[in-house]
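S.K.: Quick one: this structure, given as structure tokens, is what I'll be asking you about.
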Amino acid sequence: MEESLRNLNEKQLSRLTKKKLVTEILLLAARIKELEDKLAKNSRNSSKPPSSDGYDKPAPKSQRKKSGNKPGGQKGHEGSRLAPVAEPDNVEEIEIENCEKCGKSLAEAEVLETESRQEFDITEPEKKVTEYRAKTKRCSHCGHINKAKFPDHITQETQYGPRIKSQITYFNQNHLIPFNRVQEIFVDLYSVHISQGTFVNINNVYYEKLASHDEAKKKQLIESRQAHFDETGIRVKGKLNWLHVSSTDKLTYYEIHEKRGQEAMDAIGILPNFNGTATHDHWKCYFSYSCDHSLCNAHHTRELDYAAERYNQQWAKDLPGVLIKIKDAKAKKQEQGIEQFNAEEIKKYEGEYNRILENGLKEMPPAPPSKNKRGRPKQHKAKNLWDRLHDYKKETLGYMYDFKIPFDNNQGERDIRMCKVKHKVSGCFRSTKGGEVFCRIRGYISTVKKNGKNVLESLVKAYQGDPYIPIHDSS
């Protein structure tokens, strides 16, 4: 290279150097723009979590329209209050002995009226110890020694009952309280000290007892007409794993796998057998399955906001309005008991959607320069988003064609949110079994909540061998 440069005359060398400098400057400018674009991403215009915003949080930007109503309960709202009960547990009569004016005794005076006020409180919690005494008797006829049998659940000389065990799991798995703080709770409430090893054993027993619940839930998810799918990173034994969720408004199923993509989804076994509509966030692996698909428009609106802010794309400013307008029109139809748009309405909304995309193609920024001359040329990020919304129009507007399909994948994201809280509290799972136990118990808790069941009572029944099995309508 140096030898060839020596053979060039000064004018040629100057021209070559300038060209190289211009190319280098363009590449550096593109790199600076790329880094600025990364810095501009936040929880409002991308899929980054709010925790990554730091102290410089973006200004709120809601898609909701102002109703014009004042804050608080609106006219006609029934409201709620602490209502008195007809049969209180305890009554305290408040007597008045002497007249406040003259001091004369009122012991014999007539009661003119009684004003009542009620105080709601809880009794002080206390442990209750039940001793089972199995008697042994000799038969007077044949002399055989007979010993009474203990109840099936009494297996040790001393043991904890199902309500204590269910509360341990309730605090640890439902409210994500670490073992050492659960120990403090039981000492403060019941004066009972329980070892952390016992906590682990109790959760392991729940894992076994909830196997039938998990199998029934999996079967119902496979048969569902529509379900949500999502995944998030979670650490097991210090290594990155992936927590996968499959859910509906009544069912929640979790599973941890070392992989994020198709290998994990095949191992879980729901998507390979699912024939309904899978709602997700366009992770390419989901399209490996032959079921119908619908895409999360909450993701789309955030990405469109980013394209509008960073690249001044007018089409990206206009398209969220159409998506929200269709969503609002659908909600009004459903309030009226109408379960689909007519053909004319669908044609109108499709026309608006297509027109905005057509206009967007005309204003698309040029592709950034690239050092790599081999392979497919790199596109601008705004063009990648445009391609997705163009090529997957049916999946993007699925909620318009079928009112059973939701606008977004928020159900799946909500179901996964508390698992991320667990991750933040604990840092990671120390063992694979620990992650599996958490997923099964947490999936059970989420499912009973969705079906309006009391979590603590459902945990008691599960420990007694009668876990809640939802009856899910797949239609």
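S.K.: Which of the residues that make up the range 438-464 are of a type in the set (D, E, K, R) and touching a residue at least 24 places away in the same chain (Cβ under 8 Å)?
M.R.: Within the range 438-464, Arg440, Arg442, Lys450 qualify.
S.K.: For the range 335-347, name all the residues that are surrounded by fewer than 12 Cβ atoms within 10 Å (Cβ to Cβ) and either assigned to a helix (DSSP H, G or I) or among the small types (Gly, Ala, Ser) (or both).
M.R.: Within the range 335-347, Glu335, Gly337, Ala343, Glu344, Lys347 meet the criteria.
S.K.: Could you list, in sequence order, all residues of the range 304-327 that are closer than 21 Å to Met400 by Cβ and basic (Lys, Arg)?
M.R.: Hits for the range 304-327 are Lys317, Lys325, Lys327.
S.K.: Among all residue pairs at least 6 apart or on different chains, which show Cβ distances below 7 Å where the first residue, located in the range 282-306, is at pLDDT below 95 and the second is outside any helix (DSSP H, G or I) and aliphatic (A, V, I, L, M)?
M.R.: Short answer, once both residue conditions are applied: His282/Leu295.
S.K.: Going by the structure shown, is Gly435 touching a residue at least 40 places away in the same chain (Cβ under 8 Å), assigned by TED's automatic domain parsing to the domain that holds Lys317 and outside any loop (DSSP other than H, G, I, E, B)?
M.R.: Answer is no for this residue.
S.K.: Another question about this same structure. Residues in the range 399-418: is at least one outside any loop (DSSP other than H, G, I, E, B), small (Gly, Ala, Ser) and within 30 Å of Ile445 (Cα to Cα)?
M.R.: Yes: one or more hits.
S.K.: In the range 365-396, what count of residues is obtained for those that are part of a helix (DSSP H, G or I) and either modelled with pLDDT under 90 or closer than 22 Å to Leu21 by Cα (or both)?
M.R.: 2
S.K.: Continuing with the same structure: Considering (1) assigned to a helix (DSSP H, G or I); (2) buried (at least 18 other Cβ atoms within 10 Å of the Cβ); (3) touching a Leu at 6+ places or on another chain (Cβ under 9 Å), say which one Val425 fails and leave the rest.
M.R.: Unmet for Val425, out of (1) assigned to a helix (DSSP H, G or I); (2) buried (at least 18 other Cβ atoms within 10 Å of the Cβ); (3) touching a Leu at 6+ places or on another chain (Cβ under 9 Å): (2).
S.K.: Here's another thing I want to ask about it. For Ile471, which of the numbered conditions (1) surrounded by 21 or more Cβ atoms within 10 Å (Cβ to Cβ); (2) over 26 Å from Val236 (Cβ atoms) fails to hold?
M.R.: (1)
The values are calculated or read from the model by the stated rules, or taken from the named source; none is laboratory data. This one's a predicted model, so the numbers in the text were calculated from it and none came from an experiment. So basically every Cβ, Gly included, is an ideal-geometry build from the backbone, and we count neighbours across all protein chains shown.
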